[in-house]
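Enquirer: Below is a structure I'd like to ask you about.
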């Protein structure tokens with residue numbers, strides 16, 4: 001019994017190590033496509049529209065209601081200490097340093113990351129990727145690299161939009177609904193927010209963007225090699241779910257790591 005357990009443990013370790021190496025090579029080959037010519041400008045623009053522009057709606061509504069919740073919660077917390085005037089500082093710092101990058105990345109994972117994984121997974125199962133290789137077309141440069149470039153552009157921009165809309169939501173809740181002095185709201189925000197806070201959010205958004213596109217496209221590309229995935233539509237659905245879960249967990253883990261490093 002114990003030998004069977006050790007054997008299963010070794011098999012699992014070898015599988016995970018092989019999967020990690022496969023995903024590492026996948027990342028390197030995808031990034032190398034950036035430097036190959038000709039540059040696929042139209043494909044990148046199309047992916048920016050799919051990943052960035054089409055995610056604007058969900059980012060907008062998530063941001064404004066997140067900001068309003070922060071405004072309400074922050075007001076009732078700060079009122080206990082007679083510091084309602086610091087509401088602008090609390091809302092802006094919470095959004096710029098933490099909630100803006102994290103929630104944006106999670107929303108993009110759910111809306112665009114799942115679509116990328118399913119698209120690549122279906123192409124793998126239907127042998128479209130094999131057909132590209134038979135025609136001497138690099139599938140990484142043709143399929144994956146435009147997504148890498150597009151998401152590295154889109155996620156930081158969406159994060160900035162999230163921050164602005166979220167601060168506006170906090171303004172609506174705190175100033176318009178609860179009567180906080182607007183001058184105190186904006187002066188507190190101006191005095192407390194520094195360049196380091198903004199750069200931290202941008203760095204986090206770039207790291208999260210890499211995690212999203214790497215995990216989601218990689219899971220879809222290797223759908224036929226993932227243990228327990230199955231075949232056909234069922235395999236794609238399982239791998240897509242796995243990609244979204246792994247991406248979300250990775251975002252939260254790296255949020256802690258980056259916060260510890262950048263504070």
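Bear in mind that the values in this text are calculations on the coordinates, not laboratory data. Computed from a predicted structure; not experimentally measured. Cβ placement follows ideal geometry from the backbone for every residue including glycine, while neighbour counts extend to all protein chains displayed.
Enquirer: With springs only between Cα atoms under 10 Å apart, run a GNM on the chain and tell me which of 203, 151, 251 wobbles the most.
Expert: 203
Enquirer: Now a separate question. Compute the relative contact order of the chain as a whole-number percentage, counting only Cα pairs closer than 8 Å that sit 6 or more residues apart in sequence.
Expert: 31 percent
Enquirer: Something else now. Could you compute the FRET efficiency for residue 25 and residue 181, with r as their C-beta to C-beta distance and R0 at 45 Å, rounded to 0.05?
Expert: Working: r = 57 Å, r/R0 = 1.27.
So, using R0 = 45 Å, E works out to roughly 0.20.
Enquirer: Would you kindly give the portion of the calculated P(r) for the range 108-169 that falls above 13 Å, as a percent of all Cα pairs?
Expert: 71 percent
Enquirer: Any idea how far apart residue 115 and residue 237 come out in nm if each label point goes 7 Å out from Cα toward Cβ?
Expert: For the pair residue 115/residue 237, the computed spacing is 2.1 nm.
Enquirer: In addition: If R₀ is 35 angstrom, what is the calculated FRET efficiency for the pair residue 135 and residue 61, using the beta carbon separation as r and rounding to 0.05?
Expert: Efficiency, from the Cβ-Cβ distance: 0.25.
Enquirer: Hey, what's the Cα Rg ratio for the chain versus the globular rule of thumb, 2.2 N^0.38 Å?
Expert: Its radius of gyration relative to the 2.2 N^0.38 Å reference: 1.19.
Enquirer: What are the semi-axes of the equivalent ellipsoid of the range 97-230, taken as the square roots of 5 times the eigenvalues of the Cα gyration tensor, listed largest first and rounded to whole Å?
Expert: Listed largest to smallest, the semi-axes of the range 97-230 are 42, 14, 11 Å.
Enquirer: When the Cα centres of the range 1-43 and the range 47-117 are compared, how far apart do they sit, in Å?
Expert: 32 Å
Enquirer: Further question: Can you compute the helix-only [θ] at 222 nm over the chain? Use -39500 (n - 2.57) per DSSP H run of at least 4 residues, normalise by all residues, nearest 500 deg cm²/dmol. Let's see the in-between values first.
Expert: Working: 11 runs with 197 residues, N = 263.
My calculation for the chain gives -25500 deg cm²/dmol from helical runs alone.
Enquirer: Right, here's the next one. Over the Cα atoms of the range 190-252, what radius of gyration and what Dmax do you get, in Å?
Expert: Looking at the range 190-252, its Cα Rg and Dmax stand at 16.7, 57 Å.
Enquirer: So which residue, out of 16, 125, 163, gets the largest mean-square fluctuation from a GNM of the chain using Cα contacts under 10 Å as springs?
Expert: 16
Enquirer: So what's the projected area for the range 1-66, the Cα convex hull averaged over all directions, in nm²?
Expert: Details: hull surface 34.5 nm².
Hull-based average projected area comes out at 8.6 nm².
Enquirer: For the chain, modelled as a GNM with alpha-carbon contacts under 10 angstrom, which of 205, 191, 92 fluctuates the most?
Expert: With Cα springs under 10 Å in the chain, the top fluctuation among 205, 191, 92 is at 191.
Enquirer: Another one. Note down the nm distance, to one decimal, between modelled labels 7 Å out along Cα→Cβ at residue 257 and at residue 42.
Expert: Distance between label points: 3.9 nm.
Enquirer: So if each residue of separation counts as 0.36 nm, and I subtract the Cα-Cα distance between residue 168 and residue 126, what length gain in nm does that give?
Expert: Working: separation 42, 0.36 × 42 = 15.12 nm, distance 4.64 nm.
Additional length available on full extension: 10.5 nm.
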